[in-house]
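Here's the structure we're looking at; comments come further down.
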Amino acid sequence: MQLQPNTIGTAQVTAVLLPLIRKGQKKQIIYMSSAAASIPLALNTDFGIQPGYSTSKAALNMVAAKYAVALKEEGVIILTIHPGLVKTLPGCA
């Protein structure tokens, strides 16, 4: 499953960098999510993405939501973006 790189690792990097983000002038965290995390998309299309990828990106969206709530009062802006489809070879990182 892709939970380690897409969710857990990302959350760990955020935790490590958070002190620097809090001190910065531009307090933003931008997460690379995916439309594959969309439940309506999963229910209404044959998107062809493995469940592990979709699940890990949906979990990342929850991490982003939790940080957004926790850091709102400090003025930290949290964004999740979907860059569009990228052609990659399956199994290549």
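The values are calculated or read from the model by the stated rules, or taken from the named source; none is laboratory data. Just so we're clear, the structure is a prediction, and the values are computed from it rather than from any experiment. Neighbour counts are summed over all protein chains in view; Cβ atoms, including those assigned to glycine, are modelled from backbone coordinates with ideal geometry. Side chains included, ligands, DNA and RNA excluded: accessible areas come from the protein's heavy atoms. Shrake-Rupley method; radii C 1.70, N 1.55, O 1.52, S 1.80 Å.
Summary table below
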{"item": "Length released on extending from L85 to Q12, taking residue separation times 0.36 nm less the Cα-Cα span", "result": "23.7 nm"}
{"item": "3J(HN,Hα) from dihedral phi, the range 13-19, Karplus parametrisation 6.51/-1.76/1.60, rounded to Hz, x for glycine, proline", "result": "5, 4, 4, 5, 7, 4, x"}
{"item": "Residue-averaged 222 nm ellipticity for the chain, from DSSP H runs of 4+ at -39500 (n - 2.57), nearest 500", "result": "-14500 deg cm²/dmol"}
{"item": "Scattering profile of the chain at q = 0.15, 0.17, 0.20, 0.25 Å⁻¹ [log10 I(q)/I(0), Debye over alpha-carbon scatterers]", "result": "-0.63, -0.77, -0.99, -1.32"}
{"item": "Loop-located trypsin sites (Lys or Arg not before Pro) in the range 18-71, at most 12 other Cβ atoms within 10 Å (DSSP)", "result": "K26"}
{"item": "Under-5 Å amide H pairs with Y31, H placed in peptide plane, nonlocal only", "result": "L79, T80, I81"}
{"item": "Carbon plus sulfur fraction of accessible area for the range 1-89, probe 1.4 Å, in percent", "result": "63 percent"}
{"item": "Most mobile listed residue (A15, A36, A59) in the chain, GNM with C-alpha springs under 10 Å", "result": "A15"}
{"item": "Crossing angle, helix 51-71 versus the chain [Cα axis fit, 0-90 degrees, rounded to tens]", "result": "20 degrees"}
{"item": "Rounded accessible area per residue of the chain, 1.4 Å, Å²", "result": "72 Å²"}
{"item": "Straight-distance crosslink candidates among lysines, where the alpha carbon sits under 19 Å from K66 and sequence neighbours closer than 8 are dropped", "result": "K27, K57"}
{"item": "Relative contact order (%) - criterion: Cα under 8 Å, at least six apart; region: the chain", "result": "40 percent"}
{"item": "Computed magnitude of the charge dipole of the chain (debye, nearest 20; Cβ of K, R +1, Cβ of D, E -1)", "result": "320 debye"}
